[in-house]
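The values are calculated or read from the model by the stated rules, or taken from the named source; none is laboratory data. Not measured: the values here are computed from a predicted model. Glycine also receives a Cβ, built like all others from the backbone with ideal geometry; neighbour counts cover every protein chain displayed. SASA here: full protein model, heavy atoms, side chains in, ligands and nucleic acids out. Shrake-Rupley method; radii C 1.70, N 1.55, O 1.52, S 1.80 Å.
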Amino acid sequence: MAPTWGIPGPLFLLLWFPLVVVTALLPRLALVTARWGPREAPDPTLTPQQLGALVAGGDRVAAASVAGLLERGRLRMDGSRRLATVVGPVRPEDDPGLTDVDVEILNRAHSPRTAGWLVAGVRSSAVVTEIDEQLVARGLLRDPAAMRARARWALLPFGLVVVLGLARLGAGMGRSASVGFLIPLLVVAAFVAVATYPRARALRVVTPRGRATLAAARSHAWRARSADPAFAGAMLGGAALLVAIGGFAAFPDPELAGLLTPALVGGGGGGSDGGSWSDGGSSCSSSSCSSSSCSSSSSCSSGSSCGGGGGCGG
């Protein structure tokens, strides 16, 4: 029997499945290219909370707020590592030093709460979303909605390749050709797409200007901390800045930093505030997929052989 479409099954699989893998990676590539652009001058006017949003999103925004409130005495920690609001005005109009995120934290801390609980409760709130919108407007962060659309459009070639595989499957089955390898490879293709499609965190794409701003802030904070940790903590907003860049582990008071960090991990606030001097970029795990080659002596399911021009690929 002549091969389906004039292409032997093994040759079709050899050409088709690499296309599956390559096109499944296109959404990630689309987000990587969104980071490209000419070098730009940093923005020196960002607040610690805005810097935290650039570094690691909502978790770090809330952590920077907690650090600043502790530094200013608006939060206190009890013997069980829980934080509570110190009596005082909790409206920005009553205390101009408070941001909307600070107010959100203070309102949630009327009863003693762990740092992790506070971070988890604020990370996705409207006040944090507003900070992201500010960063997008200032050209420091790509619009996450635009990045989501970009990733979806980049997935279109993968869909066309899968449709090609399904068409080959239908044509092969219609001719009673062997499709023993094509069916499981279509299933593997679905798993490849799920494994490689960018998660929500990958949609936070920092622009060249945003990366320059982070590099400048990180350099400033690191020099201050290395020269004199006590001075770093005494800077205006020093604790909030250090925590925005490095997480709770970077809090200038080592004893308090040790109390905050385990509380965060135990409270489910997310490991991103544990304290590393990174820009919070998402890491990508690559999965390799291998397909079995089919020879004329190998056998397929239901007793059909891989020979006869079908090659288990239709």
- Those residues of region 136-161 which are in contact with a helix residue (DSSP H, G or I) (Cβ under 7 Å, 6 or more places away or on another chain) and among the aromatic types (Phe, Trp, Tyr) amount to Phe158
- Which of the residues that make up region 108-118 are open to solvent by 50 Å² or more (accessible area, probe 1.4 Å) and under 12 Å from Leu69 (Cβ atoms)? Arg108
- Restricting attention to region 12-40, report how many residues are over 26 Å from Leu203 (Cα atoms) and open to solvent by 80 Å² or more (accessible area, probe 1.4 Å). 2
- Among residues of region 56-83, those that are under 17 Å from Pro252 (Cβ atoms), of a type in the set (Lys, Arg) and in contact (Cβ under 8 Å) with a residue 40 or more places away in the chain, counted: 1
- Message: Given the condition at pLDDT 90 or above and either of a type in the set (Val, Ile, Thr) or under 19 Å from the mean Cα position of the chain (by Cα) (or both), answer yes or no: does some residue in region 86-96 qualify?
- Response: no
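Residues checked against (1) within 21 Å of the chain's Cα centre (by Cα); (2) open to solvent by 50 Å² or more (accessible area, probe 1.4 Å); (3) not basic (Lys, Arg):
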{"residue": "Glu133", "(1), (2), (3)": "yes, yes, yes"}
{"residue": "Ala137", "(1), (2), (3)": "yes, yes, yes"}
{"residue": "Leu140", "(1), (2), (3)": "yes, no, yes"}
{"residue": "Ala145", "(1), (2), (3)": "yes, yes, yes"}
{"residue": "Arg148", "(1), (2), (3)": "yes, yes, no"}
{"residue": "Trp153", "(1), (2), (3)": "yes, yes, yes"}
{"residue": "Leu169", "(1), (2), (3)": "no, no, yes"}
{"residue": "Arg175", "(1), (2), (3)": "no, yes, no"}
- Query: Which number in (1) under 21 Å from the mean Cα position of the chain (by Cα); (2) within 26 Å of Tyr197 (Cα to Cα) marks the one condition that Gln50 misses?
  - Reply: (2)
- Query: From the residues in region 57-72 that are open to solvent by 10 Å² or more (accessible area, probe 1.4 Å) and within 18 Å of the chain's Cα centre (by Cα), which one is farthest from Leu135 (Cα to Cα)?
  - Reply: Asp59
- Do you know which residues across region 7-28 are in a loop (DSSP other than H, G, I, E, B) and without any contact (Cβ under 8 Å) to a residue 60 or more places away in the chain? Ile7
- How many residues are among the acidic types (Asp, Glu) and farther than 25 Å from Ala145 by Cβ when one looks only at region 34-90? 2
- Message: Looking at the structure I just gave you, is Leu31 modelled with pLDDT under 95, farther than 25 Å from Thr99 by Cβ, of a type in the set (A, V, I, L, M, F, W, C) and under 21 Å from the mean Cα position of the chain (by Cα)?
- Response: yes
- Message: Six or more apart or on different chains, Cβ atoms under 6 Å: show the pairs whose first residue is in region 181-200 and on the phi > 0 side of the Ramachandran plot and whose second is open to solvent by 20 Å² or more (accessible area, probe 1.4 Å) and assigned to a helix (DSSP H, G or I).
- Response: none
- Message: What's the total number of residues in region 182-221 that are in contact with a helix residue (DSSP H, G or I) (Cβ under 7 Å, 6 or more places away or on another chain), assigned to a loop (DSSP other than H, G, I, E, B) and open to solvent by less than 50 Å² (accessible area, probe 1.4 Å)?
- Response: 2
- Query: Quick check: anything in region 84-98 of a type in the set (A, V, I, L, M), buried (at least 16 other Cβ atoms within 10 Å of the Cβ) and under 25 Å from Glu255 (Cα atoms)?
  - Reply: no
- Message: Show the residue pairs meeting these rules: Cβ distance below 8 Å; 6+ apart or different chains; first residue within region 117-141 and on the phi < 0 side of the Ramachandran plot and hydroxyl-bearing (Ser, Thr, Tyr); second residue open to solvent by less than 70 Å² (accessible area, probe 1.4 Å) and not in a helix (DSSP H, G or I).
- Response: none
- Message: Is it the case, given these coordinates, that Asp43 is under 27 Å from the mean Cα position of the chain (by Cα) and either surrounded by fewer than 23 Cβ atoms within 10 Å (Cβ to Cβ) or under 14 Å from Trp117 (Cβ atoms) (or both)?
- Response: yes
- Item | One residue from Ala109, Ala53 being under 27 Å from Ala202 (Cβ atoms), in contact (Cβ under 8 Å) with a residue 12 or more places away in the chain and hydrophobic (A, V, I, L, M, F, W, C) | Ala53
- Matching helices (runs of 4 or more DSSP H) fully within region 96-143 where at least 3 residues are in contact with a Lys or Arg (Cβ under 9 Å, 6 or more places away or on another chain) and among the polar types (S, T, N, Q): none
